[in-house]
Amino acid sequence: MKRVAILISGSGSNMVALARSMTGDHPARPVLVLSNRPGAGGLARAEAMGIPTAVVDHRPHGKDRAAFEAALDAALDAARPDIICLAGFMRILTPEFTRRWQGRMLNIHPSLLPKYRGLDTHARALAAGDTEHGCTVHEVTAELDDGPILGRARVPVEPGDTPETLADRVLAMEHLLYPAVLRRFAEGDRTPVLLG
Ligand code: GRF
């Protein structure tokens, strides 16, 4: 049984989708939900699901990313995860950290990578006049929002879309894509999942 740690910063809707998927004959189970923000709504949702939680607040460490990541590693080592899922985790990780977890750490990004790495992806897709948009799950490497693609889901851009309406449509698809990718990844299959 693969042990999965899920890292969040916010509401944790992707964490909930992932946790709900890991039942029955699924080869993985959630063993930790960790947030860098003490007030993240996802922490209460994880507790309600009976999943152990931890908070590693990045603020006391200021610009010292290595110190923050040392605290992160301590919390992770206690949970002994085989796989880490970044799910709305809004901290940039150093190359050293990503190297330690390379091949075992996934992220979901709300764009069709390699388009729109970084932030504000929905506004950027609208500004570009794209007719389709979506989300991507990839292995985390030292390069931000780069790494081998494990899944991609497309959604149409509708006339009159705002960044908010588009984000909602993408988020709903994230909740389908990420669990499908995690199951395949936990089974040792890196064939990309393509939806939409
Ligand atoms: C959302 O913007 C989602 O697109 C991205 O992370 C943000 C928060 O997601 N992956 P969640 O509800 O905390 O999972």
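Taken together, the values in this text are just the output of simple stated rules run on the coordinates, not laboratory data. This is a predicted model, so every value here is computed, not measured. Here Cβ is always computed from backbone atoms with ideal geometry, including for glycine, and neighbour counts include all displayed protein chains.
Is the shape of the range 31-78 rounded, prolate or oblate, going by the alpha carbon gyration tensor and its root eigenvalues a ≥ b ≥ c, with a/c under 1.5 for rounded and a/b larger than b/c for prolate?
On the way: a/c = 4.58, a/b = 1.67, b/c = 2.74.
It is oblate, given that a/c is not under 1.5 and a/b is not larger than b/c.
Among LEU119, LEU166, LEU177, which one shows the biggest mean-square fluctuation in a GNM of the chain, springs joining Cα atoms closer than 10 Å?
Fluctuation is largest for LEU119.
Sequence-distant or interchain residues sharing an amide H contact under 5 Å with GLY196, placed H: which?
Hits under the 5 Å cutoff: ARG154.
As an exercise, use a Förster radius of 25 Å and the Cβ-Cβ distance of ARG29 and THR191 to find the FRET efficiency, rounded to the nearest 0.05.
Working: r = 22 Å, r/R0 = 0.90.
Efficiency for this residue pair is about 0.65.
Quick test of the membrane-span-like rule: which DSSP H helices of the chain reach at least 15 Å along their long axis (C-alpha atoms) with mean Kyte hydropathy at least -1.0? All intermediate terms of the calculation are to be shown ahead of the outcome.
Values: long enough: 65-79 (21 Å, 0.65); 163-186 (33 Å, 0.29).
Helices meeting the span and hydropathy rule in the chain are 65-79, 163-186.
Which of rounded, prolate or oblate describes the chain when judged by the alpha-carbon gyration tensor and an a/c cut-off of 1.5? Please report the intermediate quantities before stating the final value.
On the way: a/c = 1.57, a/b = 1.34, b/c = 1.18.
It is prolate, given that a/c is not under 1.5 and a/b is the larger ratio.
Put a dot 7 Å past each Cα toward the Cβ at ASP82 and ARG20; how far apart are the dots in nm?
It works out to 2.5 nm between the two label points.
All other residues with a Cβ under 14 Å from the Cβ of PRO159 taken together, and with Lys, Arg as +1 and Asp, Glu as -1, what is their net charge? Please list the in-between numbers first.
Values: positive: ARG169; negative: ASP130, GLU132, GLU158, ASP161.
Here the charged neighbours net out to -3.
Show the residues, 5+ positions off or on another chain, whose built amide H is closer than 5 Å to the amide H of LEU150.
VAL137, HIS138, GLU139
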